[in-house]
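The values are calculated or read from the model by the stated rules, or taken from the named source; none is laboratory data. These numbers come from a predicted model, not from an experiment. With ligands, DNA and RNA removed, areas are computed over all heavy atoms of the protein, side chains included. Shrake-Rupley method; radii C 1.70, N 1.55, O 1.52, S 1.80 Å.
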Amino acid sequence: MRADLIIKNIGHLATMRGANRPRIKEEMNDIEILENAYIAIKDGKISYIGQGHIIDGLIGENTDVHDAKGLTVTPGLIDPHTHLVHGGSRENEFSLKISGVPYIDILKQGGGILSTVKSTKEASLDQLYNKAKKSLDIMLGYGVTTVESKSGYGLELDTEKKQLEVNKKLNENHPVDIVSTFLGAHAVPKKYKENPDEFVDIIIDMLPKVKDLAKFCDVFCEEGVFSVEQTRKILNKAKEYGYKVKLHADEIVSIGGAELAAEIGAISADHLMAASEEGMELMAKNKVIANILPGTSFSLMKNYAEARKMIEHGVPVALSTDYNPGSCPTENIQLIMQLGSLALKMTPNEVLTAVTINAAYSVDKADEVGSIEVGKKADLVVFDAPNVDYIMYHFGINHTHSVYKEGKLVVDNKKIVY
């Protein structure tokens, strides 16, 4: 079969091929690296992977051939936990944060999530779209080709729907694929502080009304936000409506979020900075992905999640930015990868696994993306690096040279070209 495009002369090709499930333990580090490799692409999908001389029959008169010049190629990166669509910013809270005021206290004062809720309600759909598109372009420039994007800055139906409609429009118009999550249970509005269970019922009433706009349902299960019991009630009802479920779990205080994720069959439990060892064991047993967000620990100056212990227990680990206007205002997935090694003590290969194939499973897209295999989308990143280790070793810069989305060049020599 003649290819539409061949990328040749790849110095190191990290395919991430392997078991058809999230990678655990030693599998996270044991990745396939092909040297002097090439990839053939047809109709936006990978049609052949080889090494050395390009086999006869792949190149026709209409085949484009791109030279990777001995650089490193990986699958497109996947950011499986973001709050991409929001209004405003919260730099006015920065001095409070660095002076040691706890995040929960800022929230109680009407800041934090509640501040962004106000800005998001006031913003038009077009304003939210343009702001999110700017961030999405930045993410693409760092090599991200699939993003999970949550609502959660409305806490009422109209604004939640507005965020999810922005996700839909971005998914239609932007090269990056958007996976939508309904996070109506992101905070308890002030008027329900004395009766949060009433707000839980309101969230449950929203579930069927936004189902056509969201694949996942998420809840912020945390002390002072939603209890384990309230989270269980919302997510079990979400499952009845056909949502896949995940949750913000044990970010600040260990209240049993990891254990709940295992109990209800969540696809992932995210944050986990305060997760108990029992919770880790149950997550491993029930194959719940630990989606760790080290940028949030860095930004909040809090302890990091115990990634090494999770890997040892057999929990599949993913990494993501948690891009949001408060606790982690960065779109830089490569910084997160570097924190994965420098702060979480993950090997570079484990980190790459965490932002490719395991991240793909955490957004239920592993049949399409997350590895370089025949039949999958040709989502690829060419890194200006001699190997995978170098990307984590040389921190604080953007290593992306070029990005292909479904076989189309969308970033060329660090410039957005779609």
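Residues whose amide H comes within less than 5 Å of that of residue 411, counting only those at least five positions distant or on another chain, are 403, 417 (H built at 1.01 Å from N in the peptide plane).
Just the protein heavy atoms count here, and of the accessible area of the chain at 1.4 Å, carbon and sulfur take up 48 percent.
The residues of the range 44-128 present an accessible area of 48 Å² per residue when probed at 1.4 Å with all protein chains retained. The fraction of Cα-Cα pairs per 10 angstrom bin, counted from 0 for the range 196-246, comes to 27, 59, 14, 0 percent, rounded to whole percents. For the range 285-416, the fraction of C-alpha pairs farther apart than 17 angstrom is 62 percent.
Angle, helix 125-141 long axis vs. longest principal axis of the chain, Cα atoms, 0 to 90°, nearest 10? Here the helix axis deviates by roughly 40 degrees.
Over the chain, the Kirkwood radius and the radius of gyration, each from Cα atoms, give a ratio Rg/Rh of 0.97. For the range 140-254, report the translational diffusion coefficient in µm²/s to the nearest whole number, using Stokes-Einstein at 4 °C, 1.567 mPa s, and a Kirkwood Rh over Cα pairs. In µm²/s, the coefficient is 89. Pop out the ³J(HN,Hα) list for the range 396-408 in order, Karplus 6.51 cos²θ - 1.76 cosθ + 1.60 with θ = phi - 60°, rounded to Hz; leave Gly and Pro as x. These are the phi-based 3J(HN,Hα) values: x, 10, 9, 8, 5, 9, 8, 9, 10, 10, 6, x, 9 Hz. The fraction of Cα-Cα pairs per 5 angstrom bin, counted from 0 for the range 29-132, comes to 2, 8, 13, 12, 9, 7, 6, 7, 9, 11, 8, 4, 2, 0 percent, rounded to whole percents.
For the range 175-323, the solvent-accessible area of protein heavy atoms averages 36 Å² per residue (probe radius 1.4 Å; ligands and nucleic acids excluded). Amide H contacts for residue 385 (H built 1.01 Å from N in the peptide plane; partners 5 or more residues away or on another chain; cut-off under 5 Å): 72. Residue-wise HN-Hα couplings along the range 300-307, as the Karplus relation 6.51 cos²θ - 1.76 cosθ + 1.60 with θ = phi - 60° gives them from phi, are 7, 6, 10, 4, 8, 4, 8, 4 Hz; Gly and Pro carry x. At q = 0.18, 0.22, 0.24 Å⁻¹ the log10 of I(q)/I(0) for the range 255-330 amounts to -0.64, -0.90, -1.03, computed by Debye summation with a single uniform scatterer per C-alpha, solvent ignored. Each pair of Cα atoms in the range 1-70 enters the Kirkwood radius, and Stokes-Einstein at 25 °C and 0.890 mPa s then converts it into a translational diffusion coefficient of 187 µm²/s. Projected onto its three principal axes, the C-alpha set of the range 127-202 covers 45, 20, 17 Å, listed from the longest axis down.
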